[in-house]
């Protein structure tokens with residue numbers, strides 16, 4: 001038994017015939033080949049699979065692909081715009097916010113959402129918002145620094161054009 | 001691809017209105033999915049194997065939090081994050097904000113719903129004790145109309161509620177009374193974990209007829225207990241004890257001891273029975289202390 005599921009992922013619409021029980025994380029990784037989102041604990045504890053569903057982060061191991069039908073999803077692949085990394089991605093590079101990188105896609109998606117709503121979050125706010133996501137490498141310290149870096153270097157929409165022109 | 005955990009086979013239906021949802025739910029072996037953070041893990045573990053899932057996420061008419069007719073009305077589809085962000089809920093019942101800060105984690109709270117928490121009827125779930133403490137009423141919608149069930153009669157046992165086939169929890173209503181203070185105290189092993197034990201307290205204070213001046217007495221008390229096997233999540237004996245007593249440390253500590261004595265915790269990986277009883281006594285005292293302080297604050 002399958003059903004047609006159409007999801008707009010990072011601005012592109014994809015439609016697939018899938019079982020209604022297929023989880024969104026597997027839809028993204030195995031049906032669409034978007035392997036940036038990581039499949040971790042499978043129990044909504046670790047947060048490696050966090051993507052945005054209609055502009056809110058969600059643990060995609062605990063959502064059916066069917067529930068995303070007709071909705072939009074943003075994954076880590078959608079952070080980069082016109083060949084430029086998102087400030088949160090730059091922050092993770094600048095501040096060594098990852099080691100093995102497994103938790104990183106989820107951390108990046110949550111961090112982007114936090115900064116969209118709280119452009120200048122305190123360290124405690126950053127720690128709170130990622131409290132449902134697990135990193136076994138960094139001890140979180142560098143993740144917090146990375147998000148703070150991104151907060152201090154917000155994207156100016158004209159910057160890219162100026163650089164391109166220059 | 002070999003998946004670790006695959007939900008059981010299921011049909012998927014998306015409700016486009018409450019009436020549509022009620023019609024879909026009248027089919028046998030149907031379950032509601034909203035945030036999905038209870039039913040989907042249950043399906044992975046084969047603790048639930050419904051034939052049909054009815055997705056109610058589009059029923060935004062059930063996502064409200066509002067004050068109406070002297071009651072705080074919380075729609076079943078209100079997300080945990082909505083309740084945490086609600087100024088009116090936090091002002092009237094700080095217990096909701098206390099509890100919502102410690103329900104799961106911030107990302108789960110964006111999707112998990114108030115109605116889902118109540119209907120999951122997990123003995124360790126926080127909001128059941130909170131709504132029991134504030135003596136809320138559940139509004140259950142069926143094809144023949146609404147029926148009202150006190151939250152203290154809503155749960156029949158673990159994972160079991162009074163909601164029948166073809167019915168849907170629509171909202172929860174909480175009576176608002178001036179001079180009420182409330183608080184929730186939880187001990188968990190780590191962020192996002194279930195409670196080892198938790199206690200919600202609601203107090204309304206009155207004057208002390210014939211008593212010492214300036215010593216308020218308890219005019220009404222609500223005590224909800226999480227994860228310790230309390231019937232209907234309530235510490236009824238401790239509530240009764242508190243009525244008419246001076247609202248002071250001595251009464252609160254005695255109420256804590258009574259609550260600890262009458263609940264039924266079981267030893268599990270979160271702790272032995274005597275530790276959980278100790279927590280109930282201590283958390284009851286703390287929750288009552290904070291509730292009393294908040295009740296005394298002019299609104």
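Quick check, is residue A:123 touching a helix residue (DSSP H, G or I) at 6+ places or on another chain (Cβ under 6 Å) and surrounded by fewer than 16 Cβ atoms within 10 Å (Cβ to Cβ)? Judged against the criteria, residue A:123 is a match.
Restricting attention to the range A:44-67, does a residue exist that is more than 10 Å from every other protein chain (Cβ to nearest Cβ), surrounded by fewer than 22 Cβ atoms within 10 Å (Cβ to Cβ), modelled with pLDDT under 95 and more than 13 Å from the chain's Cα centre (by Cα)? Within the range A:44-67 (the criterion being more than 10 Å from every other protein chain (Cβ to nearest Cβ), surrounded by fewer than 22 Cβ atoms within 10 Å (Cβ to Cβ), modelled with pLDDT under 95 and more than 13 Å from the chain's Cα centre (by Cα)), the answer is no, since none of the residues qualifies. Scanning the range A:26-41 for residues that are within 20 Å of residue A:135 (Cβ to Cβ) and either surrounded by fewer than 19 Cβ atoms within 10 Å (Cβ to Cβ) or under 12 Å from the mean Cα position of the chain (by Cα) (or both) turns up A:35, A:36, A:37, A:38, A:41. Looking only at the range A:126-150, residues that are more than 18 Å from the chain's Cα centre (by Cα) and within 14 Å of another protein chain (Cβ to nearest Cβ) come to 0 in all.
Residues in the range B:14-46 that are within 13 Å of chain A (Cβ to nearest Cβ), within 22 Å of residue B:118 (Cβ to Cβ) and surrounded by fewer than 18 Cβ atoms within 10 Å (Cβ to Cβ): 1 in all. Yes or no: the range A:10-27 includes at least one residue that is more than 9 Å from chain B (Cβ to nearest Cβ) and either part of a loop (DSSP other than H, G, I, E, B) or in contact (Cβ under 8 Å) with a residue 60 or more places away in the chain (or both). Looking for residues that are more than 9 Å from chain B (Cβ to nearest Cβ) and either part of a loop (DSSP other than H, G, I, E, B) or in contact (Cβ under 8 Å) with a residue 60 or more places away in the chain (or both), one finds at least one in the range A:10-27, hence yes.
The values are calculated or read from the model by the stated rules, or taken from the named source; none is laboratory data. Here the structure is a predicted model, which means the values were calculated and not measured. We place every Cβ from the backbone using ideal geometry, glycine too, and count neighbours over all the protein chains shown.
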